[in-house]
1. Give the range 107-126 a look and list any residue that's within 25 Å of the chain's Cα centre (by Cα), within 15 Å of Met153 (Cα to Cα) and surrounded by 14 or more Cβ atoms within 10 Å (Cβ to Cβ), or say none.
2. Can you pull out the residues in the range 286-314 that are assigned to a loop (DSSP other than H, G, I, E, B) and under 17 Å from Leu270 (Cα atoms)?
3. Can you tell me which residue within the range 161-199, out of those that are in a loop (DSSP other than H, G, I, E, B) and of a type in the set (Asp, Glu), is surrounded by the fewest Cβ atoms within 10 Å (Cβ to Cβ)?
4. Can you pull out every residue in the range 162-206 that is among the polar types (S, T, N, Q) and in contact (Cβ under 8 Å) with a residue 40 or more places away in the chain?
5. Taking the stated definitions as given, is Asp136 in contact with a strand residue (DSSP E or B) (Cβ under 8 Å, 6 or more places away or on another chain) and part of a strand (DSSP E or B)?
6. Any residue in the range 213-232 that is over 12 Å from Leu254 (Cα atoms), outside any loop (DSSP other than H, G, I, E, B), small (Gly, Ala, Ser) and modelled with pLDDT of 90 or more?
7. Within the range 280-331, take every residue that is out of contact with any helix residue (DSSP H, G or I) (no Cβ under 6 Å at 6 or more places or on another chain) and among the hydroxyl-bearing types (Ser, Thr, Tyr) and give me the one that is nearest to Lys216 (Cα to Cα).
8. Quick check: is even one residue across the range 241-251 out of contact with any strand residue (DSSP E or B) (no Cβ under 6 Å at 6 or more places or on another chain) and exposed (fewer than 14 other Cβ atoms within 10 Å of the Cβ)?
Amino acid sequence: MEPDEQASNQSALTDLIAELKAENAALKRENAKLKLLNDRAEEKLFAALDGNRLCLWEQHIPSGNLTIFNMRWGELLGFSREELAAHVDSWKRNLHPEDRDWVIKAFEDHVEGKSDYYQAVHRMIHKNGSVTWVSDRGRIVERMGDGTPLRMMGTHMDITQEKRYEQELSELAHCDPLTNLSNRKAITQAFEEQYRHDAGSVFFIDLDGFKELNDKLGHKFGDHLLIHVADTLRGVIGTQADIARLGGDEFLILHPSQDQTLLQARAQSLLDVYRQPIILEGTEVKLGLSIGIYCFTSSDDFASACEFADAAMYRVKAKGKHDYQFWHAEQ
């Protein structure tokens, strides 16, 4: 090879190497740029997931191993990674005992192809023994050549706060806020659920002299008086019956018994509390209870049972107040 030709080849090789190095450097810069964009996209995704208490997970079906992408495994339940293995068996063990069977069935139904996806709102047991509510959703994303499930991906969302809020709203909807007794809606529902096809008794109670005391001593004192009556009803009647404040100074008791001797004893015990004046907020007051009692059967609805008890209560009012009376057809 002539010297000039050799020099020319050497120059071409040098230029090619320089060009390849430049392209390699450009690819590295582009790769670094793409990696940075990917990292930032992941940061935004994980921030969004974490901000909504949403955990992104992947399960390798054959091994049962779990990969958690945006939070440490077990963190939701108060465990460290060392304390709780990232495996489907760990998840199963921490399911609430009352939910475990149906949740696992829902999961396995999807893996076996019986449902399009896995979805469940259920409870899990926190490390401290408390209950954590979660909303789970997932589906198979990859299968092996023979169709056997290989990978499953999904989300795991902590909805404990929402469940607590839901429970508080339910309690407010069914509770008298002043006395913490049931309200009219709750006592009506209790009748429909517990007594609609059974027998029992209803006490309709109206306070004697409450309006005068409320007008004279003020609404705040009147509230304290209503709370005192509510506490008295709880103390005398106990937990075997449902107690409600219907509104104003009217109270209702749904009792499972029709034993007149027992019902008379309960009514008399209530009357005895207010037989003499009571001291409330440093003030002596005289209060009475007019109590009407109706023993209902499975053929009675709630409205008619209350109407009969109310009629018996007004008979007490007409006779002098602070007493009880059973409703009888001749009335």
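The values are calculated or read from the model by the stated rules, or taken from the named source; none is laboratory data. All values derive from a computational prediction rather than experimental measurement. Cβ placement follows ideal geometry from the backbone for every residue including glycine, while neighbour counts extend to all protein chains displayed.
1. Residues of the range 107-126 within 25 Å of the chain's Cα centre (by Cα): 107, 117-126.
If we keep only those that are within 15 Å of Met153 (Cα to Cα) as well, we get 107, 117-120.
The answer is Phe107, Tyr118, Gln119, Ala120.
2. If we filter the range 286-314 for residues that are assigned to a loop (DSSP other than H, G, I, E, B), which is where we start, we get 286-287, 297-301.
If the condition is that a residue be assigned to a loop (DSSP other than H, G, I, E, B) and under 17 Å from Leu270 (Cα atoms), then Lys286, Leu287 are the ones that fit.
3. Here is the first cut: in the range 161-199, the ones in a loop (DSSP other than H, G, I, E, B) are 176-181, 183, 196-199.
Retained after the next criterion (residues that are of a type in the set (Asp, Glu)): 176, 198.
Details: Asp176: 21, Asp198: 11.
Applying the filter and picking the extreme gives Asp198.
4. Initial filter on the range 162-206 (among the polar types (S, T, N, Q)): 167, 170, 179-180, 182-183, 188-189, 194, 201.
Thr179, Asn180, Ser182, Asn183, Thr188, Gln194, Ser201 - these are the residues of the range 162-206 that are among the polar types (S, T, N, Q) and in contact (Cβ under 8 Å) with a residue 40 or more places away in the chain.
5. Details: in contact with a strand residue (DSSP E or B) (Cβ under 8 Å, 6 or more places away or on another chain): yes; part of a strand (DSSP E or B): yes.
In short, yes.
6. The first filter runs over the range 213-232 and keeps only residues over 12 Å from Leu254 (Cα atoms), leaving 213-232.
So of that shortlist, the ones also outside any loop (DSSP other than H, G, I, E, B) come out as 213-217, 219-232.
Now restrict to residues that are small (Gly, Ala, Ser): 222, 230.
So of that shortlist, the ones also modelled with pLDDT of 90 or more come out as 222, 230.
Looking through the range 213-232, at least one residue is over 12 Å from Leu254 (Cα atoms), outside any loop (DSSP other than H, G, I, E, B), small (Gly, Ala, Ser) and modelled with pLDDT of 90 or more.
7. Thr283
8. The initial filter retains those residues of the range 241-251 that are out of contact with any strand residue (DSSP E or B) (no Cβ under 6 Å at 6 or more places or on another chain), namely 247-248.
Going one step further and asking which of them are exposed (fewer than 14 other Cβ atoms within 10 Å of the Cβ), we end up with 247-248.
Looking for residues that are out of contact with any strand residue (DSSP E or B) (no Cβ under 6 Å at 6 or more places or on another chain) and exposed (fewer than 14 other Cβ atoms within 10 Å of the Cβ), one finds at least one in the range 241-251, hence yes.
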